[in-house]
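K.L.:
The structure follows.
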Amino acid sequence: QVQLVESGGGLVQPGGSLVLSCTTSDIIFSIYTTGWYRQAPGKQRELVAVSTDESTINYADSVKGRFTISRDNAKNTVYLQMNNLEPEDTAVYYCNVRRLWFDYWGQGTQVTVSS
């Protein structure tokens, strides 16, 4: 069983920043596509950002220019730098790692943007 451990969520004021981290020791990270998803109350889970094993990066339109996904394959860790946070970014954020038929999820970390 692959375990993804997330950290970095919390409460932040609008305009603030947070960095989410997701790490595992159970797989060879570099060959997997890694991503961050989020789910707000009453809404479907949505893609926030994805980084493939070939270094292709994509973002949801709503976070372009504010969020940055990065990965450190040597540390088996993927990060999500979130700047200029808005109340609409409030959600549970999930780390995802996948390759072929392998699809793993973190437990989720709450991000709340409120004054």
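The values are calculated or read from the model by the stated rules, or taken from the named source; none is laboratory data. Please read these numbers as outputs of a predicted model, since none were measured by experiment. Methodologically, a virtual Cβ is constructed for each residue, glycine included, from the backbone with ideal geometry; neighbour enumeration extends over all protein chains shown. Areas reflect the complete protein model, heavy atoms only, side chains present, ligands, DNA and RNA absent. Shrake-Rupley method; radii C 1.70, N 1.55, O 1.52, S 1.80 Å.
K.L.:
Write out, first by first residue and then by second, each pair whose Cβ atoms fall under 9 Å of each other, whose residues are 6+ apart or on separate chains, and whose first residue, in region 57-72, is at positive phi while the second is exposed (fewer than 15 other Cβ atoms within 10 Å of the Cβ) and at pLDDT 95 or above.
P.N.:
As it stands, the answer is Gly65/Asn83; Gly65/Asn84, since those pairs meet every condition given.
K.L.:
Let me ask something else about it. Condition check: within 14 Å of the chain's Cα centre (by Cα) and open to solvent by less than 80 Å² (accessible area, probe 1.4 Å). Does Val113 satisfy that?
P.N.:
Working: within 14 Å of the chain's Cα centre (by Cα): no; open to solvent by less than 80 Å² (accessible area, probe 1.4 Å): yes.
Judged against the criteria, Val113 is not a match.
K.L.:
State the number of residues belonging to region 43-61 that are in a loop (DSSP other than H, G, I, E, B), loosely packed, with under 15 Cβ neighbours inside 10 Å and at pLDDT 95 or above.
P.N.:
Count: 2.
K.L.:
Let me ask you something else. Restricting to region 23-41, give me the number of residues that are among the charged types (D, E, K, R), open to solvent by 30 Å² or more (accessible area, probe 1.4 Å) and assigned to a strand (DSSP E or B).
P.N.:
So in region 23-41, the residues among the charged types (D, E, K, R) come out as 26, 38.
Next, only the ones that are open to solvent by 30 Å² or more (accessible area, probe 1.4 Å) stay: 26.
Add one more test, that the residue is assigned to a strand (DSSP E or B), and what stays is none.
Counting residues in region 23-41 that are among the charged types (D, E, K, R), open to solvent by 30 Å² or more (accessible area, probe 1.4 Å) and assigned to a strand (DSSP E or B) gives 0.
K.L.:
May I ask you to list pairs of residues, at least six apart or on different chains, whose Cβ atoms are under 9 Å apart, with the first in region 91-115 being in contact (Cβ under 8 Å) with a residue 12 or more places away in the chain and the second being surrounded by fewer than 18 Cβ atoms within 10 Å (Cβ to Cβ) and among the acidic types (Asp, Glu)?
P.N.:
Matching pairs, first to second residue: Ala91/Glu46; Asn96/Asp103; Val97/Asp103; Arg99/Asp53; Tyr104/Asp26; Val113/Glu86; Val113/Glu88.
K.L.:
Say we look at region 1-22 and pick out the residues that are of a type outside the set (Asp, Glu) and within 11 Å of Gly108 (Cβ to Cβ); which of these is surrounded by the most Cβ atoms within 10 Å (Cβ to Cβ)?
P.N.:
The initial filter retains those residues of region 1-22 that are of a type outside the set (Asp, Glu), namely 1-5, 7-22.
Going one step further and asking which of them are within 11 Å of Gly108 (Cβ to Cβ), we end up with 4, 9, 20, 22.
Numbers: Leu4: 20, Gly9: 19, Leu20: 25, Cys22: 27.
Taking the candidates together, the pick is Cys22.
K.L.:
Taking the criterion of being of a type outside the set (Asp, Glu) and closer than 24 Å to Ser25 by Cβ, would at least one residue in region 80-88 satisfy it? Working first, answer last.
P.N.:
Going residue by residue through region 80-88, those that are of a type outside the set (Asp, Glu) are 80-85, 87.
Applying the additional criterion that residues be closer than 24 Å to Ser25 by Cβ yields 80-81.
The answer is yes; a qualifying residue exists.
K.L.:
What residue, among those in region 62-102 that are more than 20 Å from Thr33 (Cα to Cα), not hydrophobic (A, V, I, L, M, F, W, C) and not in a loop (DSSP other than H, G, I, E, B), is nearest to the chain's Cα centre (by Cα)?
P.N.:
Asp89
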